[in-house]
Structure formats: structure tokens, C-alpha cells
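The values are calculated or read from the model by the stated rules, or taken from the named source; none is laboratory data. Given the structure is predicted, the values throughout are model-derived calculations rather than measurements. Cβ atoms come from the backbone with ideal geometry, glycine included; neighbour counts cover every protein chain shown. Accessible surface areas use protein heavy atoms only, side chains included; no ligands, DNA or RNA. Shrake-Rupley method; radii C 1.70, N 1.55, O 1.52, S 1.80 Å.
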Amino acid sequence: MRPSQTQRSYAAGHHTLEATVRPRLTYVEPTALTAWLATSGTHPLAIISFGQAIPRTIPCLTIRLDLPQLEGHPLLEVWTSDQPVTTLQKNECSLAMSGNVLAGTISLDEKAGATLDAATELAYRQLLHHTRELGFPYLWRVWNFFPDINEEETGLERYRRFCVGRYQALEASLQNFPSALPAGTAVGTRSGPLQIYFLAGAHPAAHLGNPRQMNAYEYPKDYGPRSPSFARATLCSSESVPQLFIAGTASVVGHTSRHVGCPIEQTQEIVHNLRTLIEHADSVEPKGIGPSHRAIYKVYVRNPDQLISIRQALRDPLLNSSPILLLQGDLCRRELLVEIEGLVTSD
Ligand code: 3EB
């Protein structure tokens, strides 16, 4: 397929022709990676590993998260582009540009004495600065990871501290805050620094809510001094094929956690949330998402001993024919046992 061309303008005022890139996501076994890249005809943007080493010879962003994979052969999360990729380093930010898409990672050690909100604000200010400077001011999708997510740090739960820092930076620097917030994930790792990876665009995406859920950025103060700054989904409609980035979706209806203590019911509630969100996206996307859409999912499970029940509840037509990566991670409210994120494409 010949890539279509769109014109984009930098803030500086000069114009350039950029290919419209659709970032693609595939789960690949580490031992198959080199051969897969050679034969797929794509260029790697970013590779996320869940403990496994990533071959160092591959010129793209890499990030290693301490989120153990729960079953199957070890898999890498591989983001690719059908256009050439240019990588660059700016402070703690590693960046990969391809056409109208920018991928980035940032990793910040929490320094002794500094609180997580301060580290988070610093990380977000940096990434917002670089995305704007490079001409990709529209945040499409952001993933956030840090350890001890439900532990208290000087009087406030670390997830809530993270929300404070993220809010401060985005509120100060994101154009059209909060309506232009990216789809988000925030999951607790077993160890490691604050790690963030993201996709940003030279053109905007549509930001969607879930009809069954309150916008997280409008949550009442009961959930922390600053609300979680993320959208339920973003819809990227390039000229060719619409792509729906689905945020981490939990057993939350309205703003309330449902089915406390019940992993099966929580998973069923999440599937209901996902179905509603995809139907909503289908109704607002002029080309539609389509009944024969393709999807790829990632499931975060808090307690590995609940995996069998959760696996059972995942046997649903919505997910049945899609790749699913199961990881052990802590979720942002203590009572949440499962969270599912996804990428849906209309072909
Ligand atoms: C929720 O609906 C569940 O803070 O970035 C899901 C996805 C959740 C992302 C975030 C939080 C985040 O509130 C938690």
C-alpha cells in the first residue's frame, strides 16, 4: 500500500510532507524477533519487554518492565511503522519518529527525598516539551509504571501522588486540557524507576469517554486530591484506517469499583465496559470500526492465583479471536483485581 501524504506545519512556520503512519502492535517471541523484523517489511519504533532481555542490535526504543508474564511463551510488545524510523535522545527522553508519529520513553529514578509527584511532574514536563518541540504536540496514548503503587508515601498513596504530578504538568502544558488527554494506563511494577512510554502525533486524535464510566478527569475528590488525567480512549482516523487506543479499563462503573473481591465478575464487567466503548467509537467514527475489526489486548492481573478464574471470564466473543498478553501488575485501586487495555483497528 502506498502511504498517503499529509502536510503538517511546525510552530516555527515551515512546512513539510509527512507520511501518515499507523503504528502497529504485535506480540513477538524474543527468539523470533530478528527474523520477524527482517520479513515483516516494517521498521521497529519501540519494543517493550516484561523481564526478558531485548537484543541490543535493534535500533529502536526499548523499555523493560518488571511485570511478570503469566502464561505462554515469553512475548515482547513490538510497535512498528511501515515508514523509516529516526531515533534521538533528549535528556532522559528516548524518541523515535516515523512520518507523523512520535514514540517516546522516559525513565526517572525517584531520588532520595523527592516525592513521586515531583518525579512524575518532571517526567511529564520533559515529554510534553519534547513532543511539542519536535512537532508532535498531540498525545494519543501514554503508559505509566512505577513500583509500590498502593503504598503510602508521606501521607498519600503513591498512585494518588502520581496523579498529582501528572495533573500539574498536563494542566500547565497540554493544549485543551482536559478534553485532549491521551488514553492512559497506570500499573504498579514489582521494581524499577518511574517508566513512561507514549505515542504522540502531528495531527490530533479524537478523545472518547465510555458511556458506562465517568471521565476519570472528572472523578470526585474521594479518589485523591487531583483526578487521574487520562481519556477512556483515543480514536486516530488517518485517511486510511481508523485505530482505537483503549485505556486501561477496570471494573469501574460511573466512578465506583464494582464486584470487590470477585475476579470473575470484575472481568465480566470490564468486558461489558470494553464492548460499550467500542460500540461508542463505532458510532462516532464516520467510517465505523466495523464488525470484523481486529484487536489486540493486554490484561493486567493483580493476584496470579486468580488467573484461572480470570482466564475463564475472558472466554468471550469480544476477545476470543484476539491476541491477549497476560501480565502480573498492581492496579491503581486496592480492590481492583484486573485491568484490560487494547488496540482496535477496523480491518
Ligand atoms: C479507573 O478507571 C481505573 O491513572 O492512568 C485505568 C487506566 C485506571 C489508567 C491512570 C487509571 C489509569 O480509574 C484505573
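Sorting SER49, SER191 by accessible area (1.4 Å probe), largest first, what list results?
Of SER49, SER191, the descending order of accessible area is SER191, SER49.
If amide hydrogens are placed 1.01 Å from N in the peptide plane, which non-local residues have theirs closer than 5 Å to the one on VAL253?
Those lying under 5 Å, H to H, from VAL253 are ARG258.
Can you check what the net charge comes to around PRO178, using other residues whose Cβ is under 13 Å from the Cβ of PRO178 (Lys, Arg +1; Asp, Glu -1)?
Neighbour charge sum, excluding PRO178 itself: +1.
With a sphere of radius 15 Å drawn around the Cβ of SER322, what net charge do the other residues whose Cβ falls strictly inside it have (Lys, Arg +1; Asp, Glu -1)?
Around SER322, the charge tally is +2.
Taking K and R as +1 and D and E as -1, what net charge do the other residues with C-beta under 12 Å from the C-beta of SER227 add up to?
+1
Rounded to the nearest 20 Debye, what is the dipole magnitude of the chain about its Cα centre when Lys and Arg each give +1 and Asp and Glu each give -1 at the C-beta?
Dipole magnitude for the chain comes out near 460 debye.
On average, how much accessible surface per residue is there in the chain, in Å², for a 1.4 Å probe, leaving out ligands, DNA and RNA?
For the chain, the solvent-accessible area averages 41 Å² per residue.
Compute the normalised compactness of the stretch 212-316: alpha-carbon radius of gyration over 2.2 N^0.38 Å, N being the residue count.
Normalised Rg, Cα atoms only: 1.18.
Please identify the longest segment of the chain free of exposed GluC sites (Glu not before Pro), where exposed means a DSSP state other than H, G, I, E or B and no more than 13 other Cβ atoms within 10 Å.
Looking at the chain, 240-347 is the longest stretch - no exposed GluC sites (Glu not before Pro) with at most 13 other Cβ atoms within 10 Å.
Enumerate the calculated ³J(HN,Hα) couplings along the stretch 96-104 in order (Karplus 6.51 cos²θ - 1.76 cosθ + 1.60, θ = phi - 60°), each rounded to whole Hz, writing x wherever the residue is Gly or Pro.
Taking θ as phi minus 60°, the curve returns 9, 9, 8, x, 8, 10, 10, 10, x Hz for the stretch 96-104.
So if I average 1/r over every pair of distinct C-alpha atoms in the stretch 3-345 and take the inverse, what Kirkwood radius in Å does that give?
20.2
Can you give the percent of C-alpha pairs in the stretch 7-151 whose distance is more than 19 Å?
58
With the dipole of the chain worked out from charges on the C-beta (+1 for Lys and Arg, -1 for Asp and Glu) around the Cα centre, which of VAL301, LEU65, ASN150 lies farthest toward the positive end?
LEU65
Quick one: pull the percent of accessible area on the stretch 113-185 belonging to carbon and sulfur, 1.4 Å probe, ligands and nucleic acids left out. Please list the in-between numbers first.
Numbers: 1190 of 2660 Å².
Carbon-and-sulfur percentage of accessible area, whole number: 45.
Each residue of the stretch 262-279 in order: what ³J(HN,Hα) in whole Hz does its phi give by Karplus 6.51 cos²θ - 1.76 cosθ + 1.60, θ = phi - 60°, with x for Gly and Pro?
10, x, 5, 5, 4, 5, 4, 5, 5, 4, 4, 4, 5, 4, 4, 5, 5, 4
Which percent of the accessible heavy-atom area of the stretch 265-347 goes to carbon and sulfur, probe 1.4 angstrom?
48
With +1 on each Lys and Arg Cβ and -1 on each Asp and Glu Cβ, and nothing else charged, work out how big the dipole of the stretch 215-302 is about its Cα centre, in Debye to the nearest 20.
About 260 debye.
Towards the positive end of the charge dipole of the chain, with charges on Cβ (+1 Lys, Arg; -1 Asp, Glu), say which of PRO84, THR31, SER283 has the farthest Cα.
PRO84
³J(HN,Hα) across the stretch 123-134 via Karplus (A = 6.51, B = -1.76, C = 1.60, θ = phi - 60°), whole Hz, x for Gly/Pro?
4, 5, 4, 5, 5, 5, 4, 5, 4, 5, 4, 7
If you rank TYR197, TYR138, TYR217 by how much accessible surface each has, with a 1.4 Å probe, what is the order from largest down?
Solvent-accessible surface, decreasing: TYR138, TYR217, TYR197.
Projecting each Cα onto the charge dipole of the chain (Lys/Arg +1, Asp/Glu -1 at the beta carbon, about the Cα centre), which of VAL338, GLN268, GLY248 comes out farthest on the positive side?
Going by the charge dipole, the pick is GLY248.
Full-extension gain between ASN303 and GLU29, please, as 0.36 nm times their residue separation minus the C-alpha to C-alpha distance.
96.2 nm
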